[in-house]
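Colleague: Provided herewith is a single structure, encoded as structure tokens, for subsequent inquiry.
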Ligand SMILES: Nc1ncnc2c1ncn2[C@@H]1O[C@H](COP(=O)(O)OP(=O)(O)OP(=O)(O)O)[C@@H](O)[C@H]1O
Ligand SMILES: [Mg+2]
């Protein structure tokens, strides 16, 4: 949250406030956030907070989809431009149901003017990476594809743009536990391979500790970050780590702090 190394900044939110009623009440007030860029390693930031505290709103600021009422949003120390490589996986399924999996994944490349053969072959690479080979001709809609498969499409679509910032808004919230665990492993694999800066929102504390390097907790409206836990687990993780005492201690610590944070 605060500058602690000489590394350049990648995301900075400065004294952000958000009101939807002309300043009578504030959803977010005096919120600051600073994420430093670990370019050849990437980092995994997790945001926790009660429903309605403004987590999705923060991701929308960083994606450039919304401007705060007051305050500044900087990417690489500059105001947001369309050149920033920021991808977002939304809280709701966001694939285009009238398009095939292949066309959904290739969509960003099409907008960039990449010709069809090249974009389809790149899209197939990512479809294979997320384990959807054989499904590329299907329409990206439920129930033709399951919830987990649709989130794989969304992840492939967001990764193909080679983002340096990947925003994920409760991406596994609607999945059954097996699929959710599989998706956590898939996400870690992709993260090790492409090392973007990930900002990940979840309500699941075990998921937050397993995936995150840093966990930031938001209080209720008017919200801002009031707690931070640095997750001192090894950089590379696998499911075995969840059985270790230190993992369980971290989960308990985050849980205790969350109980305080939500009653703040
Ligand atoms: N356009 C809008 N007009 C009025 N209020 C809004 C608008 N957009 C968001 N809000 C309010 O801002 C608050 C924060 O919303 P946001 O979606 O960021 O919450 P969240 O932390 O992501 O919640 P959840 O965990 O349920 O997804 C909510 O109270 C919401 O009702
Ligand atoms: Mg939300």
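Colleague: Please find, within segment 213-230, the residue that is nearest to ligand 1 (Cβ to nearest atom) out of those that are within 23 Å of residue 185 (Cβ to Cβ) and in contact with a helix residue (DSSP H, G or I) (Cβ under 9 Å, 6 or more places away or on another chain).
Modeller: Taking the candidates together, the pick is 215.
Colleague: Out of segment 175-212, which residues are within 16 Å of ligand 1 (Cβ to nearest atom) and assigned to a strand (DSSP E or B)?
Modeller: Residues satisfying the conditions are 199, 200, 201.
Colleague: Out of the residues in segment 144-174 that are assigned to a loop (DSSP other than H, G, I, E, B) and within 16 Å of ligand 1 (Cβ to nearest atom), which is farthest from residue 37 (Cα to Cα)? Don't jump to the end; show me each part of the working.
Modeller: Narrowing segment 144-174 to residues assigned to a loop (DSSP other than H, G, I, E, B): 144-146, 160-164, 170-174.
Within this subset, residues satisfying the condition of being within 16 Å of ligand 1 (Cβ to nearest atom) are 170-174.
On the way: 170: 23, 171: 23, 172: 25, 173: 27, 174: 30 Å.
Ranking the candidates gives 174 first.
Colleague: May I pose another question? Go through segment 72-115 and report how many residues are within 15 Å of ligand 1 (Cβ to nearest atom) and touching a strand residue (DSSP E or B) at 6+ places or on another chain (Cβ under 7 Å). Step through it out loud before you land on a result.
Modeller: Start the filter on segment 72-115 by keeping residues that are within 15 Å of ligand 1 (Cβ to nearest atom), which leaves 73, 88-94.
Now drop any that are not touching a strand residue (DSSP E or B) at 6+ places or on another chain (Cβ under 7 Å), which leaves 73, 88-91.
Matching residues across segment 72-115 total 5.
One line per residue, one yes/no per condition, for (1) more than 21 Å from residue 202 (Cα to Cα); (2) outside any strand (DSSP E or B):
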{"site": "5", "(1), (2)": "yes, yes"}
{"site": "17", "(1), (2)": "yes, no"}
{"site": "25", "(1), (2)": "yes, yes"}
{"site": "39", "(1), (2)": "yes, yes"}
{"site": "46", "(1), (2)": "no, no"}
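Colleague: Considering 57, 69, 5, which residue is within 12 Å of ligand 1 (Cβ to nearest atom), at negative phi and without any contact (Cβ under 8 Å) to a residue 40 or more places away in the chain?
Modeller: Numbers: 69 fails: without any contact (Cβ under 8 Å) to a residue 40 or more places away in the chain; 5 fails: within 12 Å of ligand 1 (Cβ to nearest atom).
None of the other options fit; the residue is 57.
Colleague: Still on this structure, I have one more. Within segment 136-156, can you find the residues that are without any contact (Cβ under 8 Å) to a residue 60 or more places away in the chain and touching a strand residue (DSSP E or B) at 6+ places or on another chain (Cβ under 9 Å)? Steps first, answer last, please.
Modeller: Residues of segment 136-156 that are without any contact (Cβ under 8 Å) to a residue 60 or more places away in the chain, as a first pass: 136-150, 152-153, 156.
Hits for segment 136-156 are 136, 137, 138, 139, 140, 145.
Colleague: From the list 32, 37, 4, which residue is closer than 19 Å to residue 214 by Cβ, modelled with pLDDT under 95 and surrounded by 14 or more Cβ atoms within 10 Å (Cβ to Cβ)?
Modeller: Numbers: 32 fails: modelled with pLDDT under 95; 4 fails: surrounded by 14 or more Cβ atoms within 10 Å (Cβ to Cβ).
Going through 32, 37, 4 in turn, just one is closer than 19 Å to residue 214 by Cβ, modelled with pLDDT under 95 and surrounded by 14 or more Cβ atoms within 10 Å (Cβ to Cβ): 37.
Yes/no per residue for (1) surrounded by 12 or more Cβ atoms within 10 Å (Cβ to Cβ); (2) over 30 Å from residue 30 (Cβ atoms):
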{"site": "220", "(1), (2)": "yes, no"}
{"site": "223", "(1), (2)": "yes, no"}
{"site": "227", "(1), (2)": "yes, no"}
{"site": "230", "(1), (2)": "no, no"}
{"site": "235", "(1), (2)": "no, yes"}
{"site": "240", "(1), (2)": "no, yes"}
{"site": "245", "(1), (2)": "no, yes"}
{"site": "254", "(1), (2)": "yes, no"}
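Colleague: More than 16 Å from ligand 2 (Cβ to nearest atom), within 28 Å of residue 128 (Cα to Cα) and in a loop (DSSP other than H, G, I, E, B): does that describe residue 236? Talk me through it step by step, then tell me what you get.
Modeller: On the way: more than 16 Å from ligand 2 (Cβ to nearest atom): yes; within 28 Å of residue 128 (Cα to Cα): yes; in a loop (DSSP other than H, G, I, E, B): yes.
Judged against the criteria, residue 236 is a match.
Colleague: For residues that are away from ligand 2 (no atom under 12 Å from the Cβ), within 30 Å of residue 234 (Cβ to Cβ) and not in a strand (DSSP E or B), tally how many sit in segment 64-95.
Modeller: Residues flagged as away from ligand 2 (no atom under 12 Å from the Cβ), within 30 Å of residue 234 (Cβ to Cβ) and not in a strand (DSSP E or B) within segment 64-95 amount to 2.
The values are calculated or read from the model by the stated rules, or taken from the named source; none is laboratory data. These numbers come from a predicted model, not from an experiment. Neighbour counts run over all protein chains shown; Cβ positions are idealised from the backbone, glycine included.
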